[in-house]
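K.L.:
First the structure, then my questions, so here it is.
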Amino acid sequence: LKEFGRSGRLFRRTEREADELGVHLLANAGYDPMASARFWRTRGGEIDHGVLRSRTHDSSRERAELAEAVARSLTGRALPVRPDALLSTRDQPLSR
């Protein structure tokens, strides 16, 4: 029942945060941070399962859009890039 109610919302939020963090990790490791968005656009459908996908994760389209937005926000920034919004909440319990 992790897909429903409060637990489902929190699970989905942590998955979005993981996707965002992944883009930062790609950039800091010297890889193209747009690689994540490209993956979700080209191969994500293979693991997404469309209408039957788990609701604990966004669709591959939504994940690609998030990854692209995060990657674009890193353009021109000096390395290492820090996911400050994520880091600022790391010691707080999950809520809402």
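The values are calculated or read from the model by the stated rules, or taken from the named source; none is laboratory data. All values derive from a computational prediction rather than experimental measurement. Every residue, glycine as well, gets a Cβ built from its backbone with ideal geometry; the counts of neighbours run over all protein chains shown.
K.L.:
Which members of the stretch 22-45 meet the condition of being assigned to a loop (DSSP other than H, G, I, E, B) and surrounded by fewer than 18 Cβ atoms within 10 Å (Cβ to Cβ)? Talk me through it step by step, then tell me what you get.
P.N.:
Initially, the stretch 22-45 is screened for residues assigned to a loop (DSSP other than H, G, I, E, B), giving 29-34, 43.
Within the stretch 22-45, 29, 30, 31, 32, 43 meet the criteria.
K.L.:
Could you tell me which residue of the stretch 42-96 is modelled with the lowest pLDDT, considering only residues that are within 16 Å of residue 14 (Cβ to Cβ) and among the basic types (Lys, Arg)?
P.N.:
Residue satisfying both the conditions and the ranking: 96.
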